[in-house]
Amino acid sequence: MDRTVTCALSHLCDCPTCQITQEAFTEMNRTNNMASNYKKYRTAILLGLLALGLFLFTVFSGLH
Amino acid sequence: MSDAAHAHAHDDHSHHPTGLMRWVKTTNHKDIGTMYLMFALIMLFSAGTMALLIRAELFQPGLQLTNPEFFNQLTTMHGLIMIFGAIMPAFTGFANWQVPLMVGAPDMAFPRMNNWSFWILPVAAIFLLGSFFLPGGAVAGGWTMYPPLFIQGGISYDLTILAVHIMGLSSIMGSINIITTILNMRAPGLTLMKMPLFVWTWLITAYLLIATMPVLAGAVTMLLTDRNFGTHFFNAAGGGDPVMFQHIFWFFGHPEVYILILPAFGIVSQIIPTFARKPLFGYASMVYATSSIAVLSFIVWAHHMFAVGMPVTGQLFFMFSTMLIAVPTGVKVFNWVATMWKGSMTFETPMLFAIAFVCLFTVGGFSGLVLAIAPVDIQLQDTYYVVAHFHYVLVSGALFSIFAGVYYWLPKWTGHMYDETLGKWHFWLSTIGMNIVFFPMHFLGLAGMPRRIPDYALQFTEFNQIATVGAFIFGFSQLIFVVVIMKAIKGGQKATSQVWEGAEGLEWTVPSPAPYHTFVTAPLVR
């Protein structure tokens with residue numbers, strides 16, 4: 001079964017509508033979800049550590 | 001409606017909680033976005049009321065309505081609440097609503113953390129507003145919280161420090177959510193350089209927040225320990241350095257200005273192409289200009305401290321680096337004008353506010369350049385010229401872009417078109433009122449009227465009276481904004497999914513109002 005997905009950013013691409021199969025689409029989403037779950041936690045932890053590091057750096061700078 | 005939009009409508013889960021607990025427990029980005037926006041509106045009116053009290057007091061010389069202590073409480077709380085309670089939460093509300101819709105994500109990356117990010121904000125607001133009722137009243141040391149004054153105050157100072165911690169935590173959590181969503185949850189095919197400008201500006205803003213909010217948290221933590229635990233970080237009597245606080249504060253404070261204005265650039269960059277019916281001119285240069293502004297914002301902080309005293313080399317460095325920011329900002333203004341150039345323009349309310357933004361923000365930018373000149377700044381330091389400058393940036397800049405964004409996306413949010421006539425009334429009264437309030441302040445500042453005083457010399461009377469009349473026009477015209485929003489929520493002409501003829505982007509492929517769950521299946525962008 002084909003599924004039409006609108007190319008929403010039409011000014012950035014050539015074709016107004018693009019075709020992709022439902023199976024390929026579902027598989028792509030499943031793969032993306034697993035990968036993005038790992039990636040999003042990694043991103044969040046890194047950002048959180050950066051914020052914590054900056055806070056501690058500021059306070060320890062004050063100690064000097 | 002596109003096929004994709006139909007698909008999203010069918011994907012919509014039937015689960016749609018109702019009642020009060022829906023709002024308390026919600027993890028839905030649209031609900032949380034709505035709560036941020038409503039919270040910001042309430043804070044806008046709270047701090048706006050304080051502004052009207054300030055202007056009423058300044059209508060004529062002498063003390064009429066307030067005593068000096070209460071006046072200083074009003075100016076301090078007006079600044080703190082407008083920045084941390086109104087403008088920042090409003091932009092976060094836009095981010096919550098629009099970023100997932102624009103990148104084709106089903107929700108924010110961490111919905112539960114998103115809920116917490118919002119719900120700690122009202123607690124901070126209660127601390128801030130409640131401090132008016134404590135012994136000694138609210139904080140009166142200015143929104144910059146400079147020691148030694150801030151070390152000496154009563155219990156409300158501790159509450160304010162706690163509130164700043166909470167608001168900072170909220171911002172950091174919100175930023176982590178936004179960055180993670182944008183970097184990891186974009187629809188297949190939506191590369192970074194295809195992202196809408198609003199998403200780009202919020203990505204950069206979120207990085208700015210993560211880099212600066214911990215610094216502010218560190219500074220106020222040191223204030224807190226100085227006040228309560230006998231440390232002497234900023235207490236000169238104990239070997240501390242109060243000027244160090246200013247350096248740390250402005251290392252946060254100047255990027256904060258861009259935190260307040262970069263999302264505004266993003267909103268305007270969405271609106272102008274829509275109503276000019278042309279793609280944004282110089283998309284890539286817009287991205288690079290925004291990034292440049294963000295980087296430069298970290299090396300200019302001491303231009304707020306020329307009058308404190310620093311070596312000439314330092315003055316020159318901070319003067320020229322500040323002026324350098326005019327280059328990427330000029331690129332942006334040029335691109336907005338070039339987008340409008342020969343476009344098929346129409347002037348609906350969002351476009352009117354966007355055009356006013358471009359014109360009036362530029363006025364604020366130019367007065368910023370004047371203040372960047374070190375010898376001039378020493379003359380104008382702490383005068384009404386500075387007040388005029390940052391209100392042109394934050395009212396006709398940040399606030400007008402918020403108005404523009406609300407009018408632009410309100411049909412998508414509510415499913416109804418807003419009342420265009422009332423919208424135009426709101427625009428014209430706001431624009432005229434805003435200029436009547438703040439333009440005369442340039443003259444007052446140049447003539448030497450200091451800021452943060454409830455009384456003034458007779459020669460400043462006329463311009464102050466004009467400013468006060470303008471303030472009441474501007475203030476009461478915001479009631480029209482509330483009426484427009486309420487009318488659109490209640491009903492009105494049904495909005496199509498596209499809403500605006502020239503609008504482009506994923507958010508316009510979903511029905512209006514946007515279903516409770518969107519993009520459960522990611523769309524494909526080519």
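General observations
- Unmet requirement for B:Ser477, which otherwise passes all of (1) of a type in the set (Ser, Thr, Tyr); (2) away from chain A (no Cβ under 14 Å); (3) closer than 30 Å to B:Thr191 by Cα: (3)
- One residue from B:Met305, B:Met244, B:Met286 being surrounded by fewer than 22 Cβ atoms within 10 Å (Cβ to Cβ), more than 10 Å from every other protein chain (Cβ to nearest Cβ) and in a helix (DSSP H, G or I): B:Met305
- Number of residues in region B:111-139 that are within 14 Å of chain A (Cβ to nearest Cβ), surrounded by 20 or more Cβ atoms within 10 Å (Cβ to Cβ) and farther than 16 Å from B:Gly168 by Cβ equals 1.
- Extreme residue, nearest to B:Ala514 (Cα to Cα), among residues of region B:482-501 that are in a helix (DSSP H, G or I) and of a type outside the set (A, V, I, L, M, F, W, C): B:Lys490
- Scanning region B:449-460 turns up no residue that is buried (at least 23 other Cβ atoms within 10 Å of the Cβ) and part of a helix (DSSP H, G or I).
- Region B:46-69 - residue that is part of a loop (DSSP other than H, G, I, E, B) and not hydrophobic (A, V, I, L, M, F, W, C) and, of those, surrounded by the fewest Cβ atoms within 10 Å (Cβ to Cβ): B:Gly62
- Any hit, region B:164-182, residues being in contact with a Lys or Arg (Cβ under 7 Å, 6 or more places away or on another chain) and at pLDDT 95 or above: yes
- Each residue in region B:486-499 was checked for being among the hydrophobic types (A, V, I, L, M, F, W, C) and surrounded by fewer than 21 Cβ atoms within 10 Å (Cβ to Cβ), and 3 of them qualify.
- B:Tyr157 falls short on exactly one of the conditions (1) hydroxyl-bearing (Ser, Thr, Tyr); (2) surrounded by 19 or more Cβ atoms within 10 Å (Cβ to Cβ); (3) within 22 Å of the chain's Cα centre (by Cα), and that condition is (3).
- Only listed residue being in contact with a Ser or Thr (Cβ under 8 Å, 6 or more places away or on another chain), within 30 Å of B:Asp241 (Cα to Cα) and of a type in the set (Ser, Thr, Tyr), chosen from B:Tyr385, B:Tyr392: B:Tyr385
- Selection status of B:Leu74, crowded, with 19+ Cβ neighbours inside 10 Å, farther than 15 Å from B:Ala138 by Cα and modelled with pLDDT of 95 or more: no
- Here B:Phe252 passes the criteria (1) farther than 30 Å from B:Gly368 by Cα; (2) within 11 Å of chain A (Cβ to nearest Cβ) except the one numbered (1).
- Odd one out for B:Pro511 among (1) within 14 Å of chain A (Cβ to nearest Cβ); (2) within 27 Å of the chain's Cα centre (by Cα): (2)
- Residues located in region B:21-45, provided they are assigned to a helix (DSSP H, G or I), modelled with pLDDT under 95 and of a type in the set (Ser, Thr, Tyr): none
Residue by residue, here is whether (1) away from every other protein chain (no Cβ under 14 Å); (2) closer than 20 Å to A:Ala44 by Cβ; (3) touching a Pro at 6+ places or on another chain (Cβ under 6 Å) holds:
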position: B:Ile172; (1), (2), (3): no, yes, no
position: B:Ile179; (1), (2), (3): no, yes, no
position: B:Leu183; (1), (2), (3): no, yes, no
position: B:Arg186; (1), (2), (3): no, yes, no
position: B:Thr201; (1), (2), (3): yes, no, yes
position: B:Ile210; (1), (2), (3): no, yes, no
position: B:Gly218; (1), (2), (3): no, no, no
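- B:Met88 buried (at least 20 other Cβ atoms within 10 Å of the Cβ), in a helix (DSSP H, G or I) and out of contact with any Phe, Trp or Tyr (no Cβ under 7 Å at 6 or more places or on another chain): yes
- Residue count for region B:514-526, restricted to those that are of a type in the set (Val, Ile, Thr) and at the interface with another protein chain (Cβ under 7 Å from one of its Cβ atoms): 2
- Pair list, Cβ < 7 Å and 6+ apart or interchain, from region B:292-303 residues that are in contact (Cβ under 8 Å) with a residue 12 or more places away in the chain to residues that are crowded, with 21+ Cβ neighbours inside 10 Å and among the hydroxyl-bearing types (Ser, Thr, Tyr): B:Ile293/B:Tyr258; B:Ile293/B:Thr329; B:Ala294/B:Tyr258; B:Ser297/B:Tyr258; B:Val300/B:Thr322; B:His303/B:Thr322
The values are calculated or read from the model by the stated rules, or taken from the named source; none is laboratory data. Remember, predicted model here, so these are calculated numbers, not experimental data. As a convention, Cβ positions derive from the backbone with ideal geometry for all residues, glycine included, and neighbour counts pool all protein chains shown.
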